[in-house]
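What follows is a set of notes on a single structure, which appears directly below.
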Amino acid sequence: MRIIFCALLLSAFSSVQSSAAPQVITDIAPVHGLVSRVMTGVGSPSLIVPPGVSAHYFSLSPSKTKTLSQANVVFWVGSSLTPWLQKPIENIARNAESVALLPLSGELLLPVQTTHSHGHSHQHFDSHKQFDPHAWLDPEIASRWLNTIAETLATLDPQNASGYRVNAKAGQAEIERTFAVLSDKLSTIKTKPFAAYHDAYQYLERRFELKFIGSLKDSDAAPLSARRLAELRETLSEYPEVCVLTEPQYPPKLVEVLSNKGNVRLGIIDPLGSNIPNGPNFYTQLLDEIGRNLISCF
Ligand SMILES: [Zn+2]
C-alpha cells in the first residue's frame, strides 16, 4: 500500500517537474512568499518591489518592465497599496491575467481608518469605499489568498493543478500552526499600547487582539504634520509605558521626535519583511519576526 502511494507521489512529482511553469509576477515580498509556496516544485514567481523599499512609492525599472511584459499572470494586493502599478499592468502586462487579491478578501476586509482633527480615530465607509490594503498582516486573509492563487494557477496551468492545490493546503496548515504558536505568545502583551509610523496594523491588531493607539501618519500618502505629532505625543503621555515602532522603509522620524520621553520604548516593525529571504517559507517567517519584535519591545 505504502509503496503504491509513494510511486503515485513520485509520478505526480515528476509530472509537476516536467512541464513549463507559467511566468508569474508578484508585487510585494509577502505576496511573493505566498505565491512561491503554491508554486513549490513547479517554478518560482518574480518580485517587483525589492526588499527595503516602501510599496507605496516605487517606480518600475526597465528590467522589471520587461519581466512584466512577459507575464502570464500578475498577483498583487491592489491599486490602493501600489497605485503606480495599475497602468503598467494594464499597458505592459497586456496578455497577463491581473489578480488583485485585496478585493477577494471578502468580509475580512477593513475600511481605511481616519483620524479627524478632534483627535480620535474611527473607521468609515465613505463614498469611495477605500479598504486598508495592509491585509496580508491577517494570517486568515493570507490563507484565503493561497486558495485564490492556487485556483488561478490551476486554471492557467491545468497540468500542475493538483500540485498547486496540494501546496496551498500545506501552506495553509503551516500558517495555522504559526498563528497558534504566535497568538499564544502575543497574549502576554495584549493590553500593552503600541504606536507606529504609519497606520498599517489594524489587521494585525484585530487578529492578535493587540492594542494600537496611534500613528504619526494616517495614510501612506499623508504628509507629516506638526499637529499630528503633537496629538500623538499627547496620546503617548497618557500611558505609563508605551511601545513606538519604527519601520525600516521610512525615515526614523518617530525615533528622533518621541524618544526623549521616559515612558516610550522603541521597537521596530517591518510589515514587508525586508531581511527575510524570499521563498516559500517567507510568510510564516514574517509572522514570526513581527511577533518577536512586538514582544521584545516590552
Ligand atoms: Zn503601508
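Looking only at region 182-213, which residues are aliphatic (A, V, I, L, M) and within 18 Å of residue 131 (Cα to Cα)? Result: 200, 204. Within region 208-234, the set of residues being in contact (Cβ under 8 Å) with a residue 40 or more places away in the chain and within 15 Å of the ligand (Cβ to nearest atom) comprises 218, 219, 220, 221. Out of 237, 274, one residue alone is at pLDDT 90 or above and away from the ligand (no atom under 16 Å from the Cβ). It is 237.
Just one of the numbered conditions (1) more than 16 Å from the ligand (Cβ to nearest atom); (2) touching a helix residue (DSSP H, G or I) at 6+ places or on another chain (Cβ under 8 Å) is not true of residue 180: (2).
The values are calculated or read from the model by the stated rules, or taken from the named source; none is laboratory data. Given the structure is predicted, the values throughout are model-derived calculations rather than measurements. Neighbour counts are summed over all protein chains in view; Cβ atoms, including those assigned to glycine, are modelled from backbone coordinates with ideal geometry.
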